[in-house]
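Student: Pasting a structure below so you can have a look.
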Amino acid sequence: MPLTALIAEDEPLLAQALQAELAAAWPELRVVATARDGRSAVREALRLLPQVLFFDIRMPGLDGLGAAAELADSWPTDEAPMPQLVFVTAYDEYAARAFEAEAIDYVLKPVQPERLRKTVARLRQALAAAAPSMTPPIPPDEALERSLAQWRQVLGAAGGAPSASSSPSAPLRMIAASDAGGATVRMVPIDEVLYFEAADKYLRVLTATQEYLIRTPLKQLLPQLDADTFWQVHRAVVVRSAAIEAVHRDEAGKLHLALRGRAEKIPVSRLYAHLFRAM
């Protein structure tokens with residue numbers, strides 16, 4: 001079977017340029033689709049199941065980070081292995097963090113042929129290592145966890161999934177948040193917060209008895225939280241670890257958390273399921 005790839009890039013000329021450079025650097029790779037936004041990228045990737053994804057980080061609507069997080073949770077691993085993930089960006093700060101984290105790779109715009117050849121070499125090596133013909137073969141569960149670990153690393157380097165060791169030097173102690181009516185700003189002690197959930201343009205702040213709203217995006221709030229106290233369990237949810245009462249697995253194999261003081265169940269993304277393995 002030929003190797004296939006999907007490109008997600010909201011600028012058509014840049015998508016064409018990347019595809020042309022890939023044709024020169026990796027002739028046997030077939031680009032099966034291009035998408036101009038994150039939602040389309042998720043839909044096409046799940047339909048075509050390519051081996052490699054080239055995602056622009058900044059796209060309208062769902063960005064590349066969010067699209068990758070959704071795919072990590074919904075990829076049909078019984079049909080195809082998790083793909084290799086490469087981010088394409090014009091922002092050097094993402095690339096610097098990626099290399100520090102030893103992620104598979106980032107490609108800076110405009111794409112340079114020599115730089116892309118290095119990316120292709122790393123992707124070839126990674127795909128060869130994951131090939132089912134390896135002797136001895138890697139058990140499916142272990143192969144999946146290796147892929148998920150790599151995706152956590154890539155997303156963490158780009159700000160999508162911070163590592164558990166990234167606690168701030170001075171964690172946030174108080175949050176200024178609006179009540180449900182929006183007319184009053186409350187000072188909410190961080191010790192009372194059970195979880196945060198991204199919702200449209202707001203971030204929901206949930207205590208045992210109240211709900212508040214703030215406009216700070218989750219990715220900006222995360223660096224201000226103590227990573228030992230608050231765990232990210234989904235791309236849109238961060239929970240207080242001490243409030244976790246139980247972890248439930250449904251018939252589809254998906255995990256949900258029960259929190260002390262809250263009736264609702266909190267979904268756990270596949271990317272973060274490793275946090276709740278039995279000791």
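Student: Tell me which residues come under 5 Å, amide H to amide H, from Arg30 once H is placed; ignore anything under 5 positions away on its chain.
Tutor: Here the answer is Leu3, Thr4, Ala5, since their amide H atoms fall under 5 Å of that of Arg30.
Student: Still on this model: So how far apart, in nm, are the two label points at Ser241 and Asp141 if each is 7 Å from Cα heading toward Cβ?
Tutor: My value for the distance between the label points is 2.3 nm.
Student: A further question on this structure: Given a cut-off of 26 Å, name the pairs among Lys118/Lys254; Lys219/Lys254; Lys109/Lys201; Lys219/Lys265 whose C-alpha atoms lie farther apart than that in the structure shown.
Tutor: Lys118/Lys254; Lys109/Lys201
Student: Still on this structure, I have one more. Under a 5 Å amide H to amide H cut-off, with H placed in plane at 1.01 Å, what residues pair with Phe87 once short-range neighbours are removed?
Tutor: Phe55, Asp105, Val107
Student: Next question. Kirkwood Rh, the stretch 174-276, all Cα pairs: how many Å?
Tutor: Averaging 1/r across every pair of different Cα atoms and inverting gives 14.1 Å.
Student: Would you grab the residues whose amide H sits under 5 Å from the one on Leu62? Only those 5+ places off in sequence or on another chain, please, with H modelled 1.01 Å from N.
Tutor: The list, which skips near neighbours in sequence, is Gly38, Arg39.
Computed from the coordinates by the stated procedures, all read-outs in this text should not be read as laboratory data. In this text, all values refer to a predicted model and were calculated from it rather than measured experimentally. Cβ coordinates were reconstructed from backbone atoms using ideal geometry, including for glycine residues, and neighbour counts include every protein chain displayed.
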